[in-house]
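The values are calculated or read from the model by the stated rules, or taken from the named source; none is laboratory data. A quick note: this is a predicted structure, and the numbers were derived from the prediction, not measured. Positions of Cβ are generated from backbone atoms using ideal geometry, with glycine treated the same way; all protein chains shown enter the neighbour counts.
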Amino acid sequence: MDSVTPVLEALSARGVPTVVYTGSAIPEDVRKRHPDLITLSKPVLPARLIGELRRLMDRSSRAGR
């Protein structure tokens, strides 16, 4: 997760909704800074990933982003 943390921080600072799809655990300090972060642990069925992305996009469009 350490290699993508700067990307997550930059996206968050810009208000970009983010889903993390990972084979690793999310560090506790990252979890605390991003309590609403959607994290999917591999393996995930494609339908679940698509569903999470749709929900995220719906929330984002309702928020006017």
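Results, tabulated for the structure shown:
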quantity: Set Val4, Val20: member being surrounded by 10 or more Cβ atoms within 10 Å (Cβ to Cβ) and in contact with a Ser or Thr (Cβ under 6 Å, 6 or more places away or on another chain); calculated: Val20
quantity: Only one of Leu49, Leu40 that is modelled with pLDDT of 90 or more and in a helix (DSSP H, G or I); calculated: Leu49
quantity: Selection from the range 23-50 of residues that are within 24 Å of Ser61 (Cβ to Cβ), surrounded by 10 or more Cβ atoms within 10 Å (Cβ to Cβ) and of a type outside the set (Ser, Thr, Tyr); calculated: His34, Leu37, Ile38, Leu40, Val44, Arg48, Leu49, Ile50
